[in-house]
Amino acid sequence: MRGISYLTLDQANPEALMVLLNEPLIRRHLIEHEPFDHGRLMQWVSDKLMIDRTPGCKIRAVTHQGRLAGWCGIQKEQGEYEIAIVLGDAFWGLGREVFRDLMEWAGELGHHEVLIHLLETRREYRFLKKLASVVQQTTIADRQFTTYRLPVA
């Protein structure tokens, strides 16, 4: 199912990005925050671009066959590197491919381990559980997450 490409967030269409990030199904699985308007979106993009310039990090918009599908990245939180994948519901089938690309990037960036935090609204992922060295419940911003510690090959 190739056709996936990655852009820096400032190369993504801001209107399409705002629509995607405000989708109710996406917001349901993220820590609560105000819906994006143009100003909030530009600040979020600016913040993510700063993270992208941090050693060991990589943040990208995900496109599929020329359409914005979401964003993904490796970012440092609380001293550890985590991966994030946020895809519009029409593109959920791309998740495994994006995940594989992120794990490849993690290896290229020299990481030995990355985390993925899934909010309690998400089901348990057997394939992540099989890959993880540790699966634990964590609390971030007063919300419960299942955290998978993933060794990087």
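Specify the angular offset, from 0 to 90 degrees and rounded to the nearest 10, of the alpha carbon long axis of helix 38-52 from the longest principal axis of the alpha carbons in the chain.
The helix 38-52 is inclined about 40 degrees to the chain.
Separation between the N13 and R53 pseudo-spin-labels, each 7 Å from Cα along Cα→Cβ, expressed in nm?
Output for this residue pair reads 2.8 nm.
By average Cβ neighbour count within 10 Å, what is the ranking of 56-63, 115-122 from highest down?
56-63, 115-122
Using Rg and Dmax of the Cα atoms in Å as the read-out, say which of (i) 18.2, 62; (ii) 14.8, 41; (iii) 29.9, 88 was calculated from these coordinates.
Recomputing Rg and Dmax of the Cα atoms in Å here picks out (ii).
Among L21, M103, F145, flag the residue with its Cα farthest along the positive direction of the charge dipole of the chain, charges on Cβ as +1 for Lys/Arg and -1 for Asp/Glu.
M103
State the Cα centre-to-centre distance between the stretch 123-153 and the stretch 76-91 in whole Å.
Centre-to-centre distance over Cα atoms comes out at 12 Å.
Would you list, by chain and number, the lysines whose Cα falls below 26 Å from the Cα of K48, excluding same-chain residues fewer than 8 positions away?
K58, K76
The numbers here are math on the coordinates, done by the rules we state, and not lab data. Fair warning: this is a prediction, and the values are worked out from it, not measured in the lab. Don't worry about glycine lacking a Cβ; one is built from the backbone with ideal geometry, like all the others, and counts go over all protein chains shown.
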